[in-house]
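Trainee: Submitted below is the structure of interest, expressed as structure tokens.
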Amino acid sequence: MDFGEQIKSIRQKEKLTQEQFAMKLNVSRQAVSNWENNKNLPDIGMLILMSDVFQISLDYLIKGENEMNNMTEKVIKDGSETRRAKYNMVCSIIGSFLILIGIILLLVKGLSVEYIDAQGVLHENFFLVPIGFLCVFSGLISFITVGITTIISKFKNRNS
């Protein structure tokens, strides 16, 4: 049984019209009609409200009888999109910090004074140059990775 059929059977079991069902959930009658016709699916907040109002388990609403339905697929897809968004955000933040640190290191190198002391020893912080470039390069790689994974996931979603 798909999600639309589940909603319709719940509504009919409660002996409610679409309008009455919608009023109990504070949504429009069109929303209920769209759910029943599988044109749209409610979000997780609405599922929780349905569970509370009609005393139905979330397990039954999401999974249905014993098989995957379109609501189960939506919940799984939303979860994977959320994980992907968190991954992209973390990678972007790390990339930003790496680029910022790299630029700071290169600026410190450029602004620092190099000198030879009385014993003839050169005091120079040359090590900041390769470390700065490494940080900038790593940050750019992080941004490129996020961009490529985003493009690939959008391409996969478009084809499925």
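The values are calculated or read from the model by the stated rules, or taken from the named source; none is laboratory data. Keep in mind that this is a model prediction, so the values were computed, not measured. Positions of Cβ are backbone-derived with ideal geometry, glycine not excepted, and every protein chain shown enters the neighbour counts. SASA here: full protein model, heavy atoms, side chains in, ligands and nucleic acids out. Shrake-Rupley method; radii C 1.70, N 1.55, O 1.52, S 1.80 Å.
Trainee: Taking interchain pairs and intrachain pairs at least six residues apart, which have beta carbon atoms under 6 angstrom, with the first residue in region 8-29 and of a type in the set (D, E, K, R) and the second in a helix (DSSP H, G or I) and surrounded by 15 or more Cβ atoms within 10 Å (Cβ to Cβ)?
Mentor: Lys8/Glu36; Arg11/Phe21; Arg29/Gln18; Arg29/Ala22
Trainee: Okay, moving on. Does Ser9 qualify as being crowded, with 16+ Cβ neighbours inside 10 Å and polar (S, T, N, Q)?
Mentor: no
Trainee: I'd like the full set of residues that are surrounded by 14 or more Cβ atoms within 10 Å (Cβ to Cβ) and within 15 Å of Phe54 (Cβ to Cβ), limited to region 25-42.
Mentor: Leu25, Val27, Val32, Trp35, Glu36, Pro42
Trainee: Then there's this: Give me the residue from region 139-160 that is farther than 16 Å from Ala85 by Cβ and out of contact with any helix residue (DSSP H, G or I) (no Cβ under 6 Å at 6 or more places or on another chain) and, out of that set, modelled with the lowest pLDDT.
Mentor: Ser160
Trainee: Would a scan of region 100-121 turn up a residue that is assigned to a strand (DSSP E or B), modelled with pLDDT under 95, among the aromatic types (Phe, Trp, Tyr) and over 23 Å from the mean Cα position of the chain (by Cα)?
Mentor: Within region 100-121 (the criterion being assigned to a strand (DSSP E or B), modelled with pLDDT under 95, among the aromatic types (Phe, Trp, Tyr) and over 23 Å from the mean Cα position of the chain (by Cα)), the answer is yes, since at least one residue qualifies.
Trainee: Does Ile116 meet the test of being open to solvent by 70 Å² or more (accessible area, probe 1.4 Å) and touching a residue at least 12 places away in the same chain (Cβ under 8 Å)?
Mentor: Answer is no for this residue.
Trainee: Considering only region 140-156, I want to know if a residue exists there that is over 30 Å from Lys74 (Cα atoms), part of a helix (DSSP H, G or I) and open to solvent by 80 Å² or more (accessible area, probe 1.4 Å).
Mentor: Yes, the conditions are met somewhere in region 140-156.
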